[in-house]
Amino acid sequence: MIGKPLPLCDLGFRSTLELVADMPEIVRVCPYEKGTFILKAIADESTKAIAQLVAKQKTSAKVQKSAAAKPDAVSLSKNPQSFPWRGRTPVLPARVKAELQDLLS
């Protein structure tokens, strides 16, 4: 969106998945199938109505499968409960967290 890669190393993370896993109040990492994950944005008061509308939409299995099969989808073979970065707490600046939350909204 800003035309530059995220400065993951500067923020203390090794991957984008590691970054979002450290922000459970903004995004939820959900295991999908075959070691892939789906990232679900967490609605706040300003986006709750939109989230309810999206939840009411009908989805087809074909659309969900094609989204999960994209080559740029994040794929890990590890169990999501045993992320190697759990327990370490990189410092994520509040400004960056707010910008990511705004982007996900």
Does Met23 satisfy being modelled with pLDDT under 85 and of a type in the set (A, V, I, L, M, F, W, C)?
no
Tell me the residue from Gln64, Gln81 that is surrounded by 12 or more Cβ atoms within 10 Å (Cβ to Cβ), modelled with pLDDT under 80 and more than 14 Å from the chain's Cα centre (by Cα), please.
Gln64
Would you pick out the residues in the range 2-14 that are touching a residue at least 12 places away in the same chain (Cβ under 8 Å) and at negative phi?
Leu6, Leu11, Phe13, Arg14
Arg95 is checked against (1) of a type outside the set (A, V, I, L, M, F, W, C); (2) open to solvent by 70 Å² or more (accessible area, probe 1.4 Å); (3) at pLDDT 85 or above and fails just one. What number does that condition carry?
(3)
Step by step: first the residues of the range 1-44, then only those that are part of a loop (DSSP other than H, G, I, E, B) and within 14 Å of Asp102 (Cβ to Cβ), then the one that is most open to solvent (accessible area, probe 1.4 Å). Which residue is that?
Met1
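The values are calculated or read from the model by the stated rules, or taken from the named source; none is laboratory data. Computed from a predicted model, the values in this text were never measured in an experiment. All Cβ positions, glycine included, derive from the backbone under ideal geometry; neighbour counts span all protein chains shown. Each accessible area value is taken on the protein alone, full model and side chains, heavy atoms only, with ligands, DNA and RNA left out. Shrake-Rupley method; radii C 1.70, N 1.55, O 1.52, S 1.80 Å.
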